[in-house]
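Working notes, structure below.
The values are calculated or read from the model by the stated rules, or taken from the named source; none is laboratory data. All values reported here derive from a predicted model rather than from experimental measurement. A quick note on method: Cβ atoms are made from the backbone with ideal geometry, for glycine too, and the neighbour counts reach across all protein chains shown. These accessible areas exclude ligands, DNA and RNA; they are computed on the full protein's heavy atoms, side chains included. Shrake-Rupley method; radii C 1.70, N 1.55, O 1.52, S 1.80 Å.
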Amino acid sequence: MNRVMAAAFAFVLPIASAAGAAPVQDWTRTETRQDCAAYNPLRSPFFGETHIHTGHSLDAAFVRVRTTPRDAYQFAKGAAIGLPPYDAADNPTRSALLRRPLDFTAITDHAENFGESVICFTPGLSGYDSTQCQDLRARLALAPTGPQFPPPSIFVQFLALQQDPNPVRFDWCGVGGANCLAEGSLLWQDVVAAAEEHYDRTSACTFTSFVGYEWTANTNGWNLHRNIIFRNDDVPAMPTSYFEAPKVQQLWDSLVQDCSTSLSRCEFLTIPHGPNASGGFMFVSETADGTPLDRAGAVQRSKYEPLVEIFQNKGGSECRTGLGNNDEACGFEQLERAKLFTPAVAGTTVEWSTQMRNVLKVSLLQERLRGGNPFRLGFIGSPDGHTSTPGYTNEEDVSATGSNGAVESLPEWRITDLPPTGITANPGGLAVLWAEENSRDALFAAMKRREAYATSGTRPIVRFFAGNYPTDLCSNPAFVEAGYNGGVPMGGEFGPLPGNAAPRFAVMATKDPGGNGAPSTPLQRIQIIKGWVDGNDLREAVYDVAGDANNGASVDLATCTPTGTGFDSLCTVWEDPDFDPAQHAFYYARILENPTCRWHMYVCKQLGVDYNDPATITADNANCCLDNIEDIIQERAWTSPVWYRPDFFGIVKGKIKFGKRPNEDKLKLGVEYSRMNPAADPSTGDVVIVLRDNDDILNATIPAAAIETKKAGAKWLYKDKAGTISGIKKLKISVSGKGKGKIKLTTVKTDLSAADPNAHDIELSVSIGDISSTGTRAWTGDASKLATVKL
């Protein structure tokens with residue numbers, strides 16, 4: 001969190017009181033580094049991105065970008081960067097500067113042509129004199145002439161390989177692509193080294209770099225791209241590209257083998273982006289061979305892919321007005337083309353499942369049918385720029401430089417309507433992660449648990465909780481502590497509340513504080529979007545819960561000066577008026593800022609456009625008058641959804657009594673489910689119960705063979721007076737005729753000393769076979785006992 005954001009954040013985040021309960025730290029260090037001096041148990045917002053390209057990406061090289069990951073990291077931390085074109089002395093003729101540094105960045109160059117690009121630009125290497133390499137160098141030797149469609153033939157030759165469902169490298173890559181793979185591995189080593197050089201391992205924790213890359217599948221022209229982010233510096237020797245794994249399921253299999261299985265500290269996640277150009281093929285619930293996913297496959301997919309990039313420079317993917325909704329705010333920054341490399345056409349027909357709100361609704365049905373949700377996705381944003389400029393999302397700044405290299409070096413070139421960027425594109429978004437500190441382990445854990453949100457490029461600060469809250473929570477100085485204690489944060493799952501009461505949602509937002517010339521636009525309103533399954537019908541609703549949609553705010557288009565008033569901050573507690581405890585549902589918050597000028601308006605002003613004088617419209621600036629481009633926008637943020645599951649445990653009652661001597665502690669635990677998942681069968685699946693804060697308090701696995709079935713499908717019992725398994729004396733599991741489930745556990749005198757005797761959150765995970773639920777509850781007590789706080 002940079003210094004400007006830190007000053008503003010002091011207003012949002014109350015300091016934890018001695019009696020407050022902070023959330024459980026769900027990560028441990030996997031690397032050698034100093035502890036961060038700034039550590040917040042209630043978590044801080046860190047602004048960054050996970051999707052940017054440098055000259056190592058061949059498509060960036062096509063637009064004359066020569067800068068490297070090292071240059072990009074320097075830019076993210078506040079240094080200026082040179083932009084193409086280059087002059088006769090090989091110096092960049094333009095530059096860019098980030099108004100506010102980022103907290104973290106992942107450089108994600110396309111892995112598909114790592115080796116090919118090295119070979120084409122390195123004399124003496126086998127393949128340097130190939131027809132493709134000669135044509136590539138000849139093309140780049142020409143002066144840039146602005147966007148071109150169709151693209152140059154040499155670009156098409158390289159791109160076509162990534163559109164083939166059965167891709168094969170160029171012949172000059174050698175047998176099995178060995179030459180290109182060998183050169184690519186050297187470039188990859190340099191990518192890893194650059195990330196290491198710019199990672200702050202000191203206690204200052206000023207900047208975090210992640211090792212990453214992009215897997216660029218354009219199968220049959222559809223965008224199926226993923227960014228791969230690694231947790232630390234223990235990474236595979238070579239990235240898996242589309243050539244080695246043309247299906248995403250094959251990508252995951254390769255990463256599991258090369259990372260999770262083969263390396264001791266390696267961990268990965270994949271982040272899909274650009275579903276709006278996927279044709280609906282990005283989120284398909286099937287295996288690599290086309291068979292439907294089973295429950296285990298759905299859970300596995302959700303594990304590998306916890307986030308989606310919902311906004312980037314090629315448009316938004318939240319929703320599209322008229323495509324399953326009548327939400328007018330869904331018209332924001334739409335990509336007016338079905339595929340990335342087709343012309344922009346107003347009113348382009350796109351598939352229903354290219355929009356994430358629709359995908360999330362389908363995911364609820366998948367969960368009900370399969371017992372697992374393959375698309376339980378949190379939200380982030382990123383720019384996807386191709387000029388080595390992470391976080392470069394200010395509308396006015398991007399209007400002056402573009403984000404696509406030399407082909408956008410002139411203002412009239414920036415507003416063409418040719419793919420893949422031009423006037424229909426936008427500066428892109430940012431990712432915000434709630435974490436205890438700015439380190440790889442802490443930020444990666446935030447991504448895994450989906451405690452993240454996306455913005456369209458600005459930096460508002462947003463909290464979102466779901467659970468059981470008093471209506472006056474916004475006046476509580478301990479808002480954040482109460483949010484964690486009484487429910488779950490953005491990205492979490494929750495189950496039925498006592499009495500099947502309707503859940504309440506606590507949301508707090510403060511405007512982007514601006515700074516160093518960046519604007520600080522007031523907020524207009526907060527909305528909560530709900531999606532649910534009613535029978536087999538997929539439904540959604542949009543609720544305005546705070547602020548004022550009719551506040552009169554606008555923009556003077558002649559000067560791009562905002563007018564009207566808004567809100568510095570908004571906070572509310574909202575209860576779902578249409579809640580049904582039997583229905584799967586998701587909820588997320590959308591925060592809308594007051595209107596501002598879209599980036600192209602600054603370009604049009606530079607080109608002399610006066611909308612009141614038709615004589616000022618010329619061939620160079622005619623696109624300023626396109627009907628399908630909005631001149632005024634509302635920047636926004638989207639929180640990751642929270643997910644309501646009827647089969648998730650809703651009531652947890654527990655008590656730990658500490659003995660006077662070691663190994664004399666005792667635990668009683670009760671868990672209730674409004675509806676137990678029918679696939680949870682203790683007679684065939686082991687029961688695993690883990691109770692933990694920063695350490696495991698109890699970690700018990702009771703084999704199915706040790707559990708007695710008292711009544712088939714309804715009652716099960718495990719007894720052991722000796723407490724052989726983790727001190728467990730008795731475990732009773734029952735399911736009523738209406739599906740209500742109960743679990744009761746008691747221990748003999750045992751060692752539970754790992755439990756912190758102070759008030760704090762304790763995480764409970766319950767698994768029966770491969771059906772699992774994990775939730776956090778506040779416990780309170782003293783040196784003699786701990787007990788769950790009553791909801």
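Scanning region 243-257 for residues that are crowded, with 19+ Cβ neighbours inside 10 Å and either of a type in the set (Lys, Arg) or assigned to a helix (DSSP H, G or I) (or both) yields Val248, Leu251, Trp252, Leu255.
Restricting Pro84, Pro69 to residues that are in contact with a His (Cβ under 8 Å, 6 or more places away or on another chain), crowded, with 18+ Cβ neighbours inside 10 Å, farther than 30 Å from Phe465 by Cα and touching a residue at least 60 places away in the same chain (Cβ under 8 Å) narrows the list to Pro69.
Considering each of Phe465, Phe379 in turn, give the residue that is buried (at least 24 other Cβ atoms within 10 Å of the Cβ), farther than 20 Å from Ile633 by Cβ and not hydroxyl-bearing (Ser, Thr, Tyr).
Details: Phe379 fails: farther than 20 Å from Ile633 by Cβ.
Of Phe465, Phe379, the one residue that is buried (at least 24 other Cβ atoms within 10 Å of the Cβ), farther than 20 Å from Ile633 by Cβ and not hydroxyl-bearing (Ser, Thr, Tyr) is Phe465.
In the condition set (1) open to solvent by 30 Å² or more (accessible area, probe 1.4 Å); (2) farther than 24 Å from Glu244 by Cα; (3) not in a loop (DSSP other than H, G, I, E, B), Ser260 is compliant with all but (2).
Would you please name the residue that is nearest to the chain's Cα centre (by Cα), looking only at residues in region 726-748 that are part of a loop (DSSP other than H, G, I, E, B) and buried (at least 16 other Cβ atoms within 10 Å of the Cβ)? Residue satisfying both the conditions and the ranking: Ser726.
Of the residues that make up region 610-628, is at least one open to solvent by less than 20 Å² (accessible area, probe 1.4 Å) and in a loop (DSSP other than H, G, I, E, B)? Yes. In the set (1) more than 20 Å from Tyr199 (Cα to Cα); (2) out of contact with any Leu (no Cβ under 8 Å at 6 or more places or on another chain), Asn276 fails one condition alone, (2).
Could you check how many residues of region 210-238 are over 20 Å from Phe104 (Cβ atoms) and not in a strand (DSSP E or B)?
Filtering region 210-238 for residues over 20 Å from Phe104 (Cβ atoms) gives 215-225, 236-238.
Those left that are additionally not in a strand (DSSP E or B): 216-225, 236-238.
Selection size over region 210-238: 13.
So is Trp172 on the phi < 0 side of the Ramachandran plot, open to solvent by less than 30 Å² (accessible area, probe 1.4 Å) and in contact (Cβ under 8 Å) with a residue 12 or more places away in the chain or not? Walk me through it before giving the result.
Details: on the phi < 0 side of the Ramachandran plot: yes; open to solvent by less than 30 Å² (accessible area, probe 1.4 Å): no; in contact (Cβ under 8 Å) with a residue 12 or more places away in the chain: yes.
When the stated conditions are applied, Trp172 does not pass them.
Only residues that are at pLDDT 95 or above, in contact with a Pro (Cβ under 9 Å, 6 or more places away or on another chain) and of a type in the set (Gly, Ala, Ser) were counted in region 492-517, giving 2. Scanning region 535-555 for residues that are among the acidic types (Asp, Glu), part of a strand (DSSP E or B) and either surrounded by 13 or more Cβ atoms within 10 Å (Cβ to Cβ) or modelled with pLDDT of 95 or more (or both) gives Glu540, Asp544.
On the basis of being buried (at least 24 other Cβ atoms within 10 Å of the Cβ), more than 12 Å from Ala589 (Cβ to Cβ), touching a residue at least 12 places away in the same chain (Cβ under 8 Å) and not polar (S, T, N, Q), does Glu451 make the cut? Please lay out each step first, then the result.
Numbers: buried (at least 24 other Cβ atoms within 10 Å of the Cβ): yes; more than 12 Å from Ala589 (Cβ to Cβ): yes; touching a residue at least 12 places away in the same chain (Cβ under 8 Å): yes; not polar (S, T, N, Q): yes.
Judged against the criteria, Glu451 is a match.
Table: residues versus (1) touching a residue at least 60 places away in the same chain (Cβ under 8 Å); (2) among the small types (Gly, Ala, Ser); (3) within 20 Å of Ala298 (Cβ to Cβ).
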residue: Leu340; (1), (2), (3): yes, no, no
residue: Thr349; (1), (2), (3): no, no, no
residue: Asn358; (1), (2), (3): yes, no, yes
residue: Leu377; (1), (2), (3): yes, no, yes
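Each residue in region 5-57 was checked for being among the hydrophobic types (A, V, I, L, M, F, W, C) and modelled with pLDDT of 95 or more, and 7 of them qualify.
In this structure, does Phe332 turn out to be within 20 Å of the chain's Cα centre (by Cα) and open to solvent by 10 Å² or more (accessible area, probe 1.4 Å)? When the stated conditions are applied, Phe332 passes them. Screening the candidates Glu214, Glu183 for the property of being modelled with pLDDT of 95 or more, among the charged types (D, E, K, R) and either surrounded by fewer than 22 Cβ atoms within 10 Å (Cβ to Cβ) or more than 21 Å from the chain's Cα centre (by Cα) (or both) yields one hit, Glu183. The set of residues in region 296-323 that are in a loop (DSSP other than H, G, I, E, B), closer than 16 Å to Ser353 by Cβ and touching a strand residue (DSSP E or B) at 6+ places or on another chain (Cβ under 7 Å) comprises Glu305, Ser317, Glu318. The residues of region 395-426 that are buried (at least 24 other Cβ atoms within 10 Å of the Cβ) and within 18 Å of Thr105 (Cβ to Cβ), listed by number, are Val398, Ser403. The residue that is nearest to the chain's Cα centre (by Cα), counting only those in region 23-52 that are open to solvent by 20 Å² or more (accessible area, probe 1.4 Å) and polar (S, T, N, Q), is Gln25. The residue pairs whose first member lies in region 144-169 and is under 22 Å from Ser117 (Cα atoms) and open to solvent by 70 Å² or more (accessible area, probe 1.4 Å), whose second member is among the small types (Gly, Ala, Ser) and modelled with pLDDT of 90 or more, and whose beta carbons are closer than 9 Å, counting only pairs six or more residues apart or on different chains, are Val168/Gly177. Scanning region 568-591 for residues that are of a type outside the set (Val, Ile, Thr), surrounded by fewer than 22 Cβ atoms within 10 Å (Cβ to Cβ), farther than 14 Å from Lys530 by Cα and within 27 Å of the chain's Cα centre (by Cα) yields Asp568, Ser569, Cys571.
For region 198-209, state whether one or more residues are assigned to a strand (DSSP E or B) and touching a Ser or Thr at 6+ places or on another chain (Cβ under 9 Å). Yes: region 198-209 contains one or more residues that are assigned to a strand (DSSP E or B) and touching a Ser or Thr at 6+ places or on another chain (Cβ under 9 Å). Being in a loop (DSSP other than H, G, I, E, B) and hydrophobic (A, V, I, L, M, F, W, C) is a property that Leu159 lacks. A Cβ distance below 6 Å, combined with a sequence gap of six or more or placement on separate chains, defines the contacts here; from region 128-141, residues that are under 21 Å from Asp90 (Cα atoms) reach no residue that is part of a helix (DSSP H, G or I) and open to solvent by 50 Å² or more (accessible area, probe 1.4 Å).
With respect to the conditions (1) at pLDDT 95 or above; (2) among the polar types (S, T, N, Q); (3) within 25 Å of Pro513 (Cα to Cα), Asn2 falls short on a single one, namely (1). Among the candidates Ala442, Ala466, Ala446, single out the residue that is more than 12 Å from the chain's Cα centre (by Cα), part of a helix (DSSP H, G or I) and among the aliphatic types (A, V, I, L, M). It is Ala442. Looking at region 74-88, is at least one residue charged (D, E, K, R), at pLDDT 95 or above and not in a loop (DSSP other than H, G, I, E, B)? Looking through region 74-88, none of the residues is charged (D, E, K, R), at pLDDT 95 or above and not in a loop (DSSP other than H, G, I, E, B).
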